[in-house]
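The values are calculated or read from the model by the stated rules, or taken from the named source; none is laboratory data. Everything numeric here is computed off the predicted structure, so don't read it as measured data. Heads up, the Cβs are rebuilt from the backbone with ideal geometry, glycines too, and the neighbour counts pull from every protein chain shown.
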Amino acid sequence: MSLKQFMWEKRLSFQGKTLVYLDMLRKWQWLDKESLHQLQQERLKTLLSHAFHNTAYYREIFRESEVVDRFGNIHLENFGNLPLLDKELIRFRFEELLSSDMSERNWYENTSGGSTGVPVRFIQDEEYFFWNQAIKALDDEWTGRAINDKQVRLWGSERDLMAGRDSFRTQVGRWLRNERWLNSLRMTQATMREYIDQINRFRPVQILAYVESLYELARYSEREKIPLYSPRAIMTSAGTLYPHMRETIERVFQTKMFNRYGSTEVGDVACECDRHKGLHVSTPTHYVEILRPDGTQARPGEVGEIVITLLVNQVMPFVRYRIGDMGVWSADTCDCGRGLPLLQEVIGRRTDMFIDQQGRWIDGRVFLFILDPKPYIQKFQVIQEKRDMLRVLIVPVDRAVGYQAEMESIRQDIQKIMTCNVHFEFCNEIEPSPSGKYLYTISNVRR
């Protein structure tokens with residue numbers, strides 16, 4: 001064990017319960033499905049009981065939905081009667097969602113990334129923080145990265161990285177954790193070349209990145225024929241990992257990718273193991289549902305809306321939270337031996353699901369299949385403004401070329417999928433969202 005690793009583990013032990021919870025998760029992952037289900041049910045009951053006795057909002061809706069009877073007993077068979085929680089409701093009933101015992105807890109305020117509109121603020125406690133850090137550490141172990149192994153983060157957020165020079169405390173923390181941070185917010189040709197040089201010099205065990213940003217970096221490396229250091233593993237998050245992205249990134253970096261799913265509001269929810277058969281859901285910390293439009297539970301293999309109950313944040317409980325993504329349960333079991341259930345895939349944000357004039361959902365990645373292979377397109381973004389109108393933003397390889405014939409061909413391909421008007425806009429750059437995530441598809445149409 002290096003001195004730096006020893007110092008970091010001692011700091012973790014002194015500051016809280018991250019390592020204790022990591023040991024618990026290490027053991028729980030090998031439980032069989034039934035034992036994990038029983039564990040999750042007990043932890044769900046604990047959360048619901050606390051929410052009922054300590055928050056005005058849940059006290060009201062639990063009674064109305066018959067989740068709690070007049071004697072205070074929890075009835076999980078009625079859990080599906082509960083209304084869904086969303087960002088608008090959090091803003092409107094913020095105070096009623098706060099636990100009455102928050103003065104006895106160590107808590108902090110956080111905000112969502114805001115990539116789907118106005119960010120929402122919420123409260124999290126230190127128990128959530130320690131559990132989430134433990135989940136991250138376990139996920140890293142699945143990729144072959146131990147605590148304190150070298151990691152490069154291609155990450156970005158205006159609130160985190162655009163406030164000026166990193167503080168001394170931040171720099172010391174990253175040094176202790178063996179992290180090198182690269183800002184993904186506005187990657188130019190020059191910064192991408194610099195990032196490749198830093199990766200090659202630092203030689204990380206793992207790269208953690210926004211999937212879209214790493215994909216752009218891999219494409220740049222391949223296009224410019226610049227060699228890249230091959231880490232033991234790559235972890236991607238904060239975006240949908242499409243097959244063509246995985247293929248490109250693994251080919252360029254010559255290593256395996258691990259996909260992780262989560263959000264600021266509920267932390268890390270699921271991650272791939274080294275079998276790559278889907279994403280294992282952290283059932284001791286998250287109760288995940290996938291719902292059809294009518295609110296019933298989707299079957300394995302069926303696309304539905306992801307709804308999450310966070311089991312480890314009692315200061316502001318999130319029960320049946322609409323995270324804004326679509327997903328699919330897997331019908332398979334993983335041969336790794338873990339009892340944790342599998343998400344077959346996370347398709348992406350609900351705003352990445354377009355809706356046509358007949359009310360049908362169109363998976364936004366269909367536009368990637370149309371536009372991404374075009375050699376004359378450097379970057380693109382498809383925005384649905386109305387059910388019958390799409391804007392297609394394009395950064396062309398050569399601004400001097402009009403590409404009229406090519407645009408007409410793209411228009412025809414799009415109109416085979418959606419009956420709509422297609423407006424093309426050529427531009428020099430397409431900015432990422434305020435959270436630093438680059439969005440290939442955006443729908444501004446309300447369901």
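Could you pull out the residue among Thr248, Thr283 that is in a loop (DSSP other than H, G, I, E, B) and of a type in the set (Ser, Thr, Tyr)? First the steps, then the outcome.
Working: Thr248 fails: in a loop (DSSP other than H, G, I, E, B).
Thr283 is the lone residue from the list that is in a loop (DSSP other than H, G, I, E, B) and of a type in the set (Ser, Thr, Tyr).
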Any chance Asp125 is at pLDDT 95 or above, crowded, with 18+ Cβ neighbours inside 10 Å and within 16 Å of Tyr261 (Cα to Cα):
no
Being among the small types (Gly, Ala, Ser) and in a helix (DSSP H, G or I) narrows it down to one of Ser230, Ser213, so name that one.
Ser213
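For segment 64-73, indicate whether the set of residues that are outside any loop (DSSP other than H, G, I, E, B) and either of a type in the set (Gly, Ala, Ser) or in contact (Cβ under 8 Å) with a residue 60 or more places away in the chain (or both) is non-empty.
no
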Whichever residue in segment 55-88 is modelled with pLDDT under 95 and under 26 Å from the mean Cα position of the chain (by Cα) and, among such residues, is surrounded by the fewest Cβ atoms within 10 Å (Cβ to Cβ)
Glu88
Flagged in segment 209-258 as at negative phi, among the aliphatic types (A, V, I, L, M) and within 23 Å of the chain's Cα centre (by Cα), in numbering order, are Ala209, Val211, Leu214, Leu217, Ala218, Ala233, Ile234, Met235, Leu241, Met245, Ile249, Met257
I'm trying to understand the selection: among the residues of segment 279-296, which are surrounded by 22 or more Cβ atoms within 10 Å (Cβ to Cβ) and either at pLDDT below 95 or touching a His at 6+ places or on another chain (Cβ under 8 Å) (or both)?
Thr283
Per-region count, segment 302-345, residues in a loop (DSSP other than H, G, I, E, B) and acidic (Asp, Glu):
3
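Results for (1) more than 18 Å from the chain's Cα centre (by Cα); (2) of a type outside the set (Lys, Arg), shown as yes or no for each residue.
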| residue | (1), (2) |
| --- | --- |
| Gly324 | no, yes |
| Met353 | no, yes |
| Asp356 | yes, yes |
| Trp361 | yes, yes |
| Pro375 | yes, yes |
| Phe380 | yes, yes |
| Gln384 | yes, yes |
| Asp388 | yes, yes |
| Arg391 | yes, no |
In this structure, is Ser409 assigned to a loop (DSSP other than H, G, I, E, B) and either within 16 Å of Asn444 (Cα to Cα) or modelled with pLDDT of 90 or more (or both)?
no
